[in-house]
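Working notes, structure below.
The values are calculated or read from the model by the stated rules, or taken from the named source; none is laboratory data. This structure is a prediction, so every number in the text was calculated from the model and none was measured. All Cβ positions, even for glycine, are placed from backbone atoms using ideal geometry, and neighbour counts span all protein chains on display.
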Amino acid sequence: MAAVVTATDELREAAEHGRVCALAAQGQRDLQRCLAGYPDLFADGPFDGALASSIALAIAFSAPWCDRSELRLTNRAVLWGFALDWQVDHQITAAADLDLLVQRQVAVADGAPADADDPLGRFLADLHAELAALPAFATLGGAWREAVRRTCAAMRREWHWRAAARDGAPLPGLADYLANADNLACTVVNVAHWIRAGGSDAHDRFDRLVAASDAVQRALRLVNDLATWDRDRRWGDLNALLLVDDPAVVERELTGLVAGATDLLDELRPDCPREVAYLTRQLGYTSGFYRSTDFWGVA
């Protein structure tokens, strides 16, 4: 017999959706202040209200148990990842400039002051200052610094893959491409989120959480690529569908990655259920989001 849904049930469900959307609206307003506060960083490209809204909604629905103060840093970390990706993929044209960008970001993550002419570094320095003020940073700051290094190195590696391909070199294989999934900048955000909003159980199992995050990140790399194939072709970005002869190969790989990630999450769930729920919801929300639209707003 089918369950009977009452008006009270529907009201309760709608009220919860409204609460989470209000959490996202608060996050969007903060991100809009970031966009306005760094005009030299976000002056062009797809850094508009729709991007800010999409980021805030994704984070609010991934961690709806948090309040706006707990999600503020997470939202800003996502925005830093988008800004880094935009500069690497669409503004850097010389390898020396890329090396300088990576060097600056890694130095700031290590605690060095940002250069005055480096708005991306100044934005990261603000994130670092907020993270460094948290008690958990004393023991987990190294994990965040390593995540920043991995993200920057992965974006640098992909830049060189694309540059070499323009000169006739072969593209990487799918396995190497997925091993470079830090270029999606998911784990670096998740590490910052758990330093800010994770519980003591999560902090005690941080290495396992990062491994689970990496598994989700690899799956999301393919979720992203399958959804953004047309845009990536127009923009000249690398995409998994460029690396195989049959798109079904990517679909099968994604199925396997999702299965592997959910196995890791289920193993970890009894020890830190809230953090596992965050990763699970992140994977589900992003998969649903990409069925209809994209985070980037530039046609």
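Number of residues in region 137-180 that are surrounded by 18 or more Cβ atoms within 10 Å (Cβ to Cβ), of a type outside the set (D, E, K, R) and more than 20 Å from H90 (Cβ to Cβ): the value is 9. Looking only at residues in region 28-53 that are closer than 23 Å to A133 by Cβ and not aromatic (F, W, Y), which one is surrounded by the most Cβ atoms within 10 Å (Cβ to Cβ)? The residue in question is L31. Scanning region 211-253 for residues that are of a type in the set (A, V, I, L, M, F, W, C), surrounded by 19 or more Cβ atoms within 10 Å (Cβ to Cβ) and under 23 Å from R145 (Cβ atoms) returns A212, A215, V216, L220. Every condition in (1) of a type in the set (D, E, K, R); (2) touching a helix residue (DSSP H, G or I) at 6+ places or on another chain (Cβ under 6 Å); (3) closer than 24 Å to P46 by Cα is met by D214 except one, and the failing one is (3).
Return the total of residues in region 233-259 being farther than 24 Å from I59 by Cβ and outside any loop (DSSP other than H, G, I, E, B). Here the count works out to 16.
Residues in region 254-291 that are in contact with a helix residue (DSSP H, G or I) (Cβ under 9 Å, 6 or more places away or on another chain), within 20 Å of D230 (Cα to Cα) and surrounded by fewer than 19 Cβ atoms within 10 Å (Cβ to Cβ): S287, F289, Y290, R291. Looking across R166, R122, one residue alone is over 17 Å from C186 (Cα atoms), at pLDDT below 95 and not hydrophobic (A, V, I, L, M, F, W, C). It is R166.
When you scan region 54-68, do you find a residue that is touching an Asp or Glu at 6+ places or on another chain (Cβ under 9 Å), crowded, with 19+ Cβ neighbours inside 10 Å, within 30 Å of P273 (Cα to Cα) and at pLDDT 95 or above, even just one? Within region 54-68, one or more residues are touching an Asp or Glu at 6+ places or on another chain (Cβ under 9 Å), crowded, with 19+ Cβ neighbours inside 10 Å, within 30 Å of P273 (Cα to Cα) and at pLDDT 95 or above. Say whether the condition of being within 17 Å of A58 (Cα to Cα) and not hydrophobic (A, V, I, L, M, F, W, C) is met by at least one residue in region 194-202. No - not one qualifying residue is present in region 194-202. Among the residues here, R196 qualifies as at pLDDT 95 or above, assigned to a helix (DSSP H, G or I) and charged (D, E, K, R).
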